[in-house]
Amino acid sequence: MAFTSSNNIQLVFVNLPITDDYLDSVRWSYEVEFNRQMKQLSQEYSFIFINLSEKVLRQYQYFVDPSHLNRYGASLVAREIATNPTIPWPSVR
């Protein structure tokens, strides 16, 4: 984080989606706690946290297994990131 800060680079952390099949009750509680802590840390350390695990992308058709995206899921995630208004993308000249 010191490197990105000293080079005026906005750090973006993306939590990728996983399927509901993967999120049993134990994993779900860890996921909730992880997201809570990441939101808190993002405010404390001034980085952007994007939580895509809350999106509709959790449908199994976008995965090769319960926790790894296939090419269709990866394409949707890339689109979500590219169009996310909180990311300060450089201006195209």
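The values are calculated or read from the model by the stated rules, or taken from the named source; none is laboratory data. Since we're looking at a predicted model, the values are computed, not measured. FYI the Cβ positions are ideal-geometry reconstructions off the backbone, even for glycines, and counts take in every protein chain you see.
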_I'd like the full set of residues that are at pLDDT 95 or above and small (Gly, Ala, Ser), limited to segment 38-49._
42
*asked:* Give me the residue from segment 34-84 that is of a type in the set (S, T, N, Q) and under 12 Å from the mean Cα position of the chain (by Cα) and, out of that set, nearest to residue 18 (Cα to Cα).
replied: 53
*Run down 53, 29, 5 and say which single residue is under 19 Å from residue 80 (Cα atoms) and either assigned to a helix (DSSP H, G or I) or touching a Phe, Trp or Tyr at 6+ places or on another chain (Cβ under 8 Å) (or both).*
53
_Members of segment 56-93 found to be more than 20 Å from residue 24 (Cβ to Cβ) and surrounded by 12 or more Cβ atoms within 10 Å (Cβ to Cβ), listed by number_ = 70, 72, 73, 74, 75, 76, 77, 80, 81, 84, 87
_Those residues of segment 40-50 which are surrounded by fewer than 17 Cβ atoms within 10 Å (Cβ to Cβ) and either in contact (Cβ under 8 Å) with a residue 40 or more places away in the chain or not in a helix (DSSP H, G or I) (or both), in sequence order_ = 45, 46, 47, 48
*Of all residues in segment 1-39, count the ones that are surrounded by 15 or more Cβ atoms within 10 Å (Cβ to Cβ) and under 19 Å from residue 50 (Cβ atoms).*
11
*asked:* For the list (1) without any contact (Cβ under 8 Å) to a residue 24 or more places away in the chain; (2) of a type outside the set (Phe, Trp, Tyr); (3) outside any helix (DSSP H, G or I), I need the number of the one condition that residue 87 fails.
replied: (1)
*asked:* Looking at 59, 40, can you tell me which residue is of a type in the set (S, T, N, Q) and under 24 Å from residue 1 (Cα atoms)?
replied: 40
*In segment 1-37, how many residues are at pLDDT 95 or above, hydrophobic (A, V, I, L, M, F, W, C) and out of contact with any helix residue (DSSP H, G or I) (no Cβ under 7 Å at 6 or more places or on another chain)?*
2
*asked:* If I go through segment 1-33 residue by residue, how many of them are among the polar types (S, T, N, Q), over 28 Å from residue 90 (Cβ atoms) and under 17 Å from the mean Cα position of the chain (by Cα)?
replied: 1
